[in-house]
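A.B. asks: The structure follows.
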Amino acid sequence: MERRTFLAAGAAASLLQGAFKKPVGLELYSVRKEFVKDMAGTIKAVGKMGYEGVELFGTYADWTPAQAKEAQTMIKDAGMSCWSAHTGAKYFTPEHLDRVIELNSILGSKYMIMSSAGKVDGIDGWKKVAVSLNTAAEKLKKVKKGTGFHNHAFEFMPISGQKPIEVLAKETTKDVVLQLDVGTCIEAGTDPIAWIKANPGRIRSLHMKDWKRGLPNPHDGYKVLIGEGETDWKAVVNESLKTGGAEHLLIEQEGSRYSEFETAQKCIDNFKRIMA
């Protein structure tokens with residue numbers, strides 16, 4: 001028993017050390033105000049913080065190809081890569097899809113993630129969202145890219161006895177990434193580790209956002225820094241690597257008591273300390 005316990009502990013430690021080898025990036029929504037003011041300066045600052053990649057947010061989908069190329073150069077010059085791009089549901093429609101796929105190709109983004117489904121009418125509506133994701137997955141596969149869906153808390157809340165996120169998982173192909181926003185998953189009362197185990201190989205991207213209950217304004221629960229909330233980060237990262245198929249980890253922050261740049265720096269520093 002002692003030897004088995006020792007070996008199990010060693011294996012877990014190895015996985016956690018591996019988390020450090022997995023690149024850590026930043027969802028640029030975390031520094032959205034600075035990004036709008038000075039995109040080049042913001043990207044450069046993020047690179048200096050120690051982030052290895054970025055995920056773009058909604059505004060990119062209205063860029064021209066020339067603007068996408070300019071952004072790609074900025075990201076590369078900062079020593080980073082564009083891993084993915086959060087993309088509104090309207091851009092998954094036939095009139096926009098090919099154009100936005102082209103932007104992702106220029107940016108070098110591997111995943112075009114649906115950031116939100118918008119207003120959805122019941123479970124049948126969520127099945128239609130799944131169809132949109134499957135259609136995008138087929139097109140993106142032809143250019144060696146993928147798509148996925150980013151959860152919020154409400155997708156874990158039942159509608160007529162079914163959770164929208166479970167409907168999406170069931171109705172989409174294995175090519176569709178289930179990008180796990182950890183904080184919103186916990187707020188919804190769902191165990192993120194159980195969710196990862198239920199969807200092996202599909203949690204290829206994570207939004208590492210903490211959450212803490214009991215604050216006067218419930219939304220302020222998202223304004224705690226990584227390590228100040230309720231998430232067992234070592235356990236979540238360990239399971240995401242072992243079972244979820246995580247390719248990279250993205251820190252996302254909706255705001256905090258610090259400036260955007262201070263918040264982004266403190267979050268990556270906290271994460272490294274936690275995983276040490």
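A.B. asks: Would you please calculate the Kirkwood hydrodynamic radius of the chain over all C-alpha pairs and express it in Å, rounded to one decimal? Let's see the in-between values first.
C.D. replies: Details: mean 1/r = 0.0523 Å⁻¹.
Every distinct Cα pair counted, the radius reaches 19.1 Å.
A.B. asks: Testing the spin-label approximation: label points 7 Å from Cα along Cα→Cβ at K234 and D191. State their distance in nm.
C.D. replies: About 1.9 nm, to one decimal.
A.B. asks: Could you work out the helix-only [θ] at 222 nm for the chain, with each DSSP H run of four or more residues adding -39,500 (n - 2.57) and the total divided by the number of residues, to the nearest 500 deg cm²/dmol?
C.D. replies: Working: 11 runs with 127 residues, N = 276.
The helix contribution divided over the chain gives -14000 deg cm²/dmol.
A.B. asks: When a footprinting reagent is the concern and you count Cβ atoms within 10 Å, what order do T42, T59 take, fewest first? Could you put the intermediate results ahead of the total?
C.D. replies: Details: T42 23, T59 15.
Lowest to highest Cβ neighbour count: T59, T42.
A.B. asks: Could you sort out which of K48/K142; K22/K44; K90/K144; K48/K110; K37/K142; K33/K212 sit more than 26 Å apart by Cα distance in this structure?
C.D. replies: Values: K48/K142 34 Å; K22/K44 21 Å; K90/K144 22 Å; K48/K110 23 Å; K37/K142 36 Å; K33/K212 24 Å.
Violating the 26 Å Cα-Cα cut-off are K48/K142; K37/K142.
A.B. asks: Taking the Cα centroid of the range 139-202 and of the range 107-138, what is the distance between the two, rounded to the nearest whole Å?
C.D. replies: 11 Å
A.B. asks: If you look at just the Cα atoms of the range 86-181, how large are its Rg and its Dmax in Å?
C.D. replies: Rg, Dmax (Cα atoms, Å): 12.8, 42.
A.B. asks: Same structure again: Please tell me the relative contact order of the chain in percent, rounded to the nearest whole number, where contacts are Cα pairs under 8 Å and at least six residues apart. List each step's numbers first, then the result.
C.D. replies: Details: 492 pairs, mean separation 53.6, N = 276.
Over the chain, the number comes to 19 percent.
A.B. asks: I've got another one for you. Which percentage, to the nearest 5, of the DSSP beta bridges contained in the range 2-275 is antiparallel? If you can, show how the numbers build up before the last one.
C.D. replies: Working: 1 of 28 bridges.
Of the beta bridges lying entirely in the range 2-275, close to 5 percent run antiparallel.
A.B. asks: Then there is this: Packing-wise, with mean Cβ within 10 Å as the measure, how do 174-180, 219-225 rank, highest first? List each step's numbers first, then the result.
C.D. replies: Values: 174-180: 21.9, 219-225: 18.1.
Final packing ranking: 174-180, 219-225.
A.B. asks: Right, something else. What does the extension gain come out to for K144 and K128, with contour length at 0.36 nm per residue minus their alpha carbon separation? Intermediate values should be presented prior to the final figure.
C.D. replies: Numbers: separation 16, 0.36 × 16 = 5.76 nm, distance 2.40 nm.
Roughly 3.4 nm would be gained on extension.
Each value in this text was obtained by applying a stated rule to the coordinates, not by laboratory testing. These numbers were taken from a predicted model, which means no experiment stands behind them. So basically every Cβ, Gly included, is an ideal-geometry build from the backbone, and we count neighbours across all protein chains shown.
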